[in-house]
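Data first, discussion second: the structure below is written as structure tokens.
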Ligand code: RAT
Ligand code: ZN
């Protein structure tokens, strides 16, 4: 292979590799309204609602926007973000890629026609089609036992296609202890607000019981930039007394998504969260204190990425994943992927979609593939120049590694 055919092979391998999507907010069709899909859901993605309010006319108040039906909200996003302000952001481009890939008329800007097409789809048939288009073997969901609307479906043991795998989301234990206690008490667990040893034992039982029911891939929580471990707080006691013992008993990693500054502008709803620089020392301390446990970590601030990569080199029980939320932009994905390859080889997962709306898989993955293909082509060219001659089988293996292969290996460790 010469350098040109090598880089072409690399690009094709990235384009065609099957992907494992390690974190999404998707649900099976059996969970009814919880599974979001279709034109109006895509257009009202919270990333785009936040954008709308950067350009919306003064008269459009938050109250007015939220009182409108979803289709009218989508119309406003379409009008102001797309038609009047050029659709240049990554989230807006994503909508165009999605519609276009589905063969819908973005050139003609025919939103009514696009809606009509979606209305004719049956989600049970549409979901496998989307997974096929994005070439995903499976996506990990976010299943929250503290959310009543979800618990109803989870307890009911509703059917779930194999392309969707559960993850147990446990944020309230760490960021909203009072409401977590109320939910656990209601469910018959002897948890008291004081969080004494007996209560922590009950939290652990709550987690292992839910794990028996769901069979999660991991436990997960999103944490603020102030997250510290260990410290003199109830949170550290909950981690040490309940979460880590339960995760080790069940044999799953604890996934931490760190750096979200919750609700900096509450009227924006889900779009109202911001970002802050966190201290990766919390991750370091956890990895060191629990050599027998496993941790999946992504961080939200660009500033934290280098330090997190270095930790990934120091601890075999840490797996770095994804370009999360405000990092899921081409320029930052390229930078982060380069940095990770340079520091970690293939021992990381280059991306997760965080899709909240099924159709988003159709753009998030091709957009990422394109960037990672460029970065990998450059890396392989440099390796070739250094004298190494990778085989096609090796390239195929190593591309798959950063799109899910390394994740599977980490889980199996
Ligand atoms: O990226 C997002 O969509 C965020 O709103 C959050 O869902 C975040 O990914 C999370 O899982 O907390
Ligand atoms: Zn998420």
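FYI, it's all coordinate maths here, none of it is from the lab. If you're wondering where the values come from, they're calculated on a predicted model, not measured in any experiment. With ideal geometry, Cβ positions are generated from the backbone for all residues, glycine too; neighbour counts draw on all protein chains shown.
Show me the ranking of peptides 388-395, 211-218 by mean Cβ neighbours inside 10 Å, starting with the highest.
Working: 388-395: 12.1, 211-218: 18.0.
Order by mean packing, descending: 211-218, 388-395.
Where in region 371-412 is the amide nitrogen less than 15 Å from a point lying 7 Å along the Cα-to-Cβ axis of residue 4? Residues passing the 15 Å test: none. Select from 113, 38, 251 the residue whose mean-square fluctuation is largest in a Gaussian network model of the chain (Cα-Cα springs shorter than 10 Å). Fluctuation is largest for 113. Packing around the peptides 347-358, 44-55, taken as the average count of other Cβ atoms within 10 Å per residue, puts them in this order, highest first: 347-358, 44-55. Distance between the modelled labels on residue 292 and residue 240, one decimal in nanometres: 1.7 nm (7 Å Cα→Cβ projection). Relative to a virtual label point 7 Å from the Cα of residue 248 in the Cα→beta-carbon direction, which members of region 212-229 show backbone nitrogen distances below 17 Å? Hits in region 212-229 for residue 248 at 17 Å: 219. Shape class of the chain from the alpha-carbon gyration tensor: oblate, with a/c at 1.5 or above and b/c at least as large as a/b. Please build a GNM for the chain, connecting alpha carbons under 10 Å apart, and tell me which residue among 266, 166, 29 fluctuates the most. Result for the chain, Cα springs under 10 Å: 266 fluctuates most.
Over region 28-137, calculate the relative contact order: mean separation of alpha carbon pairs under 8 Å at least 6 apart, over the residue count, as a percent.
Details: 56 pairs, mean separation 32.6, N = 110.
Relative contact order here is 30 percent.
Principal axis extents of the C-alpha atoms in region 267-318 (largest first, rounded to whole Å): 42, 20, 13. Shown here is the pair-distance distribution of region 205-251: with all Cα-Cα distances grouped in 10 Å bins from zero up to the longest one, the shares run 24, 49, 25, 2 percent.
With contacts taken as Cα pairs under 8 Å at a separation of at least 6 residues, the chain carries a relative contact order of 23 percent. A crude spin-label estimate for the pair residue 149 and residue 71, with each label 7 Å from Cα along the Cβ direction, gives 2.0 nm. As a rough guide to protection, the peptides 284-290, 95-101 ranked by mean Cβ packing within 10 Å, highest first, stand as 95-101, 284-290. Exposure proxy ranking for 184, 248, based on other Cβ atoms within 10 angstrom of each Cβ and starting from the fewest, stands as 248, 184.
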